[in-house]
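Q: Here it is: the structure, laid out below.
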Amino acid sequence: MLEVRCGKANRSHENTFFRYFASEVKAKFDALGVDGLLLGMPYCLVKENLQLDALLITDASITIIDFKDYSDCSITLPAESDFERGRWATDRGFFIKGGSSPNPFSQQQFQRRALRGVFDIFCRNKMAGFDIGHITSVVCFTGN
């Protein structure tokens, strides 16, 4: 069973999409009998610049989820050799940033390191057996 908890996003479309996303993920987890916790827009008290759209926690991993709303255009990703710093572009001439990072991948690398740091400092002894290298991330593009 998936437990869902949600904070509030600054933009209403983010809240709307999270509710849709959560219902789909919950249905899949429940159908498969997988346990987990899905946190929407969690706020980190010890590292205020760690701003996540969602966090999915299971027995096997923790996944940072970033929502992007570019549903009405095509996206071009940079070459693999420049993936971390390269620009993600749309066919409408927009560049997709990740907060203050050049792209969502770079933003999630920062978020993974920041979350690992929080775990190392505050939770290491309480999370026996969890390899912090299992923190994964995904960018989820919303659709209409």
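The values are calculated or read from the model by the stated rules, or taken from the named source; none is laboratory data. Being a predicted model, the structure only gives us computed values, none of them experimental. Don't worry about glycine lacking a Cβ; one is built from the backbone with ideal geometry, like all the others, and counts go over all protein chains shown. Calculation scope for accessible area: heavy atoms of the full protein, side chains included, ligands and nucleic acids excluded. Shrake-Rupley method; radii C 1.70, N 1.55, O 1.52, S 1.80 Å.
Q: Taking the stated definitions as given, is Cys73 touching a Ser or Thr at 6+ places or on another chain (Cβ under 7 Å), under 18 Å from Thr142 (Cβ atoms) and either surrounded by fewer than 17 Cβ atoms within 10 Å (Cβ to Cβ) or at pLDDT below 90 (or both)?
A: Yes.
Q: Still on this model: Looking only at residues in region 57-70 that are open to solvent by 30 Å² or more (accessible area, probe 1.4 Å) and aliphatic (A, V, I, L, M), which one is farthest from Phe17 (Cα to Cα)?
A: Among those that are open to solvent by 30 Å² or more (accessible area, probe 1.4 Å) and aliphatic (A, V, I, L, M), it is Ala60.
Q: Within region 26-48, count every residue that is in a helix (DSSP H, G or I) and touching a strand residue (DSSP E or B) at 6+ places or on another chain (Cβ under 6 Å).
A: Within region 26-48, residues that are in a helix (DSSP H, G or I) and touching a strand residue (DSSP E or B) at 6+ places or on another chain (Cβ under 6 Å) number 2.
Q: Right, another one. When you scan region 80-101, do you find a residue that is in contact (Cβ under 8 Å) with a residue 60 or more places away in the chain and either open to solvent by 30 Å² or more (accessible area, probe 1.4 Å) or over 19 Å from Thr142 (Cα atoms) (or both), even just one?
A: For region 80-101, residues in contact (Cβ under 8 Å) with a residue 60 or more places away in the chain and either open to solvent by 30 Å² or more (accessible area, probe 1.4 Å) or over 19 Å from Thr142 (Cα atoms) (or both): absent.
Q: Can you spot a residue in region 117-131 that is open to solvent by less than 60 Å² (accessible area, probe 1.4 Å) and assigned to a strand (DSSP E or B)?
A: no
Q: Please state which of the following conditions Glu3 fails to meet, knowing it meets all the rest: (1) of a type outside the set (Val, Ile, Thr); (2) under 16 Å from Cys140 (Cβ atoms); (3) in contact (Cβ under 8 Å) with a residue 12 or more places away in the chain.
A: All conditions pass for Glu3, except number (2).
Q: Also, I was wondering about something else. In region 1-43, what count of residues is obtained for those that are closer than 17 Å to Thr63 by Cα, out of contact with any Asp or Glu (no Cβ under 8 Å at 6 or more places or on another chain) and of a type in the set (Phe, Trp, Tyr)?
A: So the answer is 2.
Q: Residues of region 19-51 being open to solvent by 90 Å² or more (accessible area, probe 1.4 Å), touching a Gly at 6+ places or on another chain (Cβ under 9 Å) and at pLDDT 90 or above, which ones?
A: Passing the criteria: only Arg19.
Q: Here's another thing I want to ask about it. Checking Ala54 against (1) buried (at least 16 other Cβ atoms within 10 Å of the Cβ); (2) free of Cβ contacts under 8 Å to residues at least 12 places away in the same chain, which single condition isn't satisfied?
A: Evaluating Ala54 over (1) buried (at least 16 other Cβ atoms within 10 Å of the Cβ); (2) free of Cβ contacts under 8 Å to residues at least 12 places away in the same chain leaves (2) as the failure.
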